[in-house]
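Asker: This is the structure I want to talk about, given as structure tokens.
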Amino acid sequence: MSEVKRAATPASADYEIRTQSRRFEDQVVIVTGAAQGLGRVIARRLAEEGASVVIADIQADRAERTAEQLSRQTGATVISHTGDLSEVGVADQMAAGVYGRFGRIDALVNNAAALIRMRLVDFPESLLQDAVRWNVWNTLRACKAVLPYMLEHRYGRIVNVGGEAWRTGLPFHTVLAGVGKGSMVGLTATLAGETVRDGITVNCVSPGAVESGADGDPDPQPAGFRDPSWTPPEVMNELINLVGHSAAGIGRPAHPTEVAAAVAFFASREASFVTGQHVGVSGGMAML
Ligand SMILES: NC(=O)c1ccc[n+]([C@@H]2O[C@H](COP(=O)([O-])OP(=O)(O)OC[C@H]3O[C@@H](n4cnc5c(N)ncnc54)[C@H](O)[C@@H]3O)[C@@H](O)[C@H]2O)c1
């Protein structure tokens with residue numbers, strides 16, 4: 001039998017998604033963790049579709065610069081709000097400020113996270129507390145902060161950015177994925193249930209590997225920019241070995257625009273009859 005020949009796998013850049021849609025005209029959306037990476041690309045996509053976008057991020061300079069660049073690129077109003085969303089009052093102040101300025105908050109995309117990976121047994125106490133704060137409290141506080149405004153308008157879209165490692169049982173991901181993203185999926189379903197008659201939908205989009213450096217930033221973060229204690233080099237090497245040899249899924253990382261396209265759907269009016277759902281946008285890394 002002759003061997004089936006496969007074309008060489010192209011880089012994810014070949015899969016960049018562009019849009020002509022304008023589903024967010026007159027709408028106001030908040031994207032957390034949008035100073036860089038996937039969040040930046042989600043913010044750009046929503047701005048391209050006509051939204052006024054608020055970039056909420058702990059990195060003041062980068063958030064401000066990203067807002068200016070996206071505003072110039074898309075012609076939309078893009079502003080930044082700086083603060084650690086896991087801290088008491090930061091998300092509330094942001095939501096009040098956004099509502100005060102625009103008079104509405106149509107959608108919230110919970111993308112901010114801290115990519116801290118190691119075996120549970122190896123976590124120093126202080127890093128364990130940081131990892132839970134920056135992967136659980138951000139989302140919970142941001143949801144609670146926008147809900148009063150969405151309830152008042154009887155309209156809202158909340159999209160949580162998860163990740164597939166919690167359901168593939170990937171080592172080193174017990175806190176980031178098991179606790180962070182696993183609880184996010186539970187939050188998605190139960191908050192969707194709480195708001196199901198209020199015009200609000202809550203859904204979760206889980207990427208697998210994303211080429212988040214392909215975020216279009218003219219001054220991108222250098223390789224290895226995160227605190228090296230977050231994912232020690234030996235953990236990173238073992239992960240690359242594990243994931244690199246895995247035949248699961250399409251076999252390439254997503255271009256961030258591929259994930260942003262799915263987020264934009266759930267954040268739009270078009271997703272009016274979809275709530276409490278979790279969808280892997282992970283090239284088939286996990287199925288169903
Ligand atoms: N990169 C991947 O391969 C991948 C895979 C699966 C899931 N994800 C998820 O996608 C999302 C984005 O990932 P990324 O690779 O772009 O990450 P990233 O680290 O490049 O960006 C995260 C952003 O969140 C901000 N942030 C973190 N904690 C914050 C806080 N407490 N308050 C305000 N801002 C805060 C950071 O400053 C940063 O700008 C995350 O939720 C991540 O878990 C990413």
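The values are calculated or read from the model by the stated rules, or taken from the named source; none is laboratory data. Given the structure is predicted, the values throughout are model-derived calculations rather than measurements. Using ideal geometry, Cβ is built from the backbone for each residue, glycine included, and neighbour counts are taken over all protein chains shown. Calculation scope for accessible area: heavy atoms of the full protein, side chains included, ligands and nucleic acids excluded. Shrake-Rupley method; radii C 1.70, N 1.55, O 1.52, S 1.80 Å.
Asker: So, in the range 20-72, of the ones that are open to solvent by 30 Å² or more (accessible area, probe 1.4 Å), more than 14 Å from the ligand (Cβ to nearest atom) and of a type outside the set (Lys, Arg), which residue ends up farthest from residue 200 (Cα to Cα)?
Answerer: The qualifying residue farthest from residue 200 (Cα to Cα) is 68.
Asker: Still on this model: Considering only residues that are within 12 Å of the chain's Cα centre (by Cα) and closer than 16 Å to residue 163 by Cβ, which ones fall in the range 241-280?
Answerer: 256, 259, 260, 262, 263
Asker: Let me ask you something else. Restricting the range 201-215 to residues that are part of a loop (DSSP other than H, G, I, E, B) and more than 7 Å from the ligand (Cβ to nearest atom), which is least open to solvent (accessible area, probe 1.4 Å)?
Answerer: Ranking the qualifying residues of the range 201-215, first place goes to 215.
Asker: Would a scan of the range 172-180 turn up a residue that is more than 18 Å from the chain's Cα centre (by Cα) and modelled with pLDDT under 95?
Answerer: Within the range 172-180, none of the residues are more than 18 Å from the chain's Cα centre (by Cα) and modelled with pLDDT under 95.
Asker: Just checking, how many residues over the range 263-280 are closer than 20 Å to residue 53 by Cβ and surrounded by fewer than 21 Cβ atoms within 10 Å (Cβ to Cβ)?
Answerer: Going through the range 263-280 one residue at a time, the tally reaches 4.
Asker: Let me ask something else. Take the residues in the range 149-172 that are touching a helix residue (DSSP H, G or I) at 6+ places or on another chain (Cβ under 8 Å), open to solvent by 20 Å² or more (accessible area, probe 1.4 Å) and part of a loop (DSSP other than H, G, I, E, B), then tell me which one is farthest from the ligand (Cβ to nearest atom).
Answerer: Only one residue tops the list, namely 171.
Asker: Among the residues of the range 73-87, what is the count of those that are outside any helix (DSSP H, G or I) and away from the ligand (no atom under 12 Å from the Cβ)?
Answerer: 5
Asker: Tell me, yes or no, whether the range 114-135 has at least one residue that is in contact with a Leu (Cβ under 8 Å, 6 or more places away or on another chain), over 26 Å from residue 171 (Cα atoms) and open to solvent by less than 40 Å² (accessible area, probe 1.4 Å).
Answerer: Among the residues of the range 114-135, not one is in contact with a Leu (Cβ under 8 Å, 6 or more places away or on another chain), over 26 Å from residue 171 (Cα atoms) and open to solvent by less than 40 Å² (accessible area, probe 1.4 Å), which makes the answer no.
Asker: What single numbered condition from (1) of a type in the set (D, E, K, R); (2) more than 23 Å from residue 156 (Cα to Cα); (3) free of Cβ contacts under 8 Å to residues at least 40 places away in the same chain fails to hold for residue 65?
Answerer: Going through the list (1) of a type in the set (D, E, K, R); (2) more than 23 Å from residue 156 (Cα to Cα); (3) free of Cβ contacts under 8 Å to residues at least 40 places away in the same chain, residue 65 breaks only (3).
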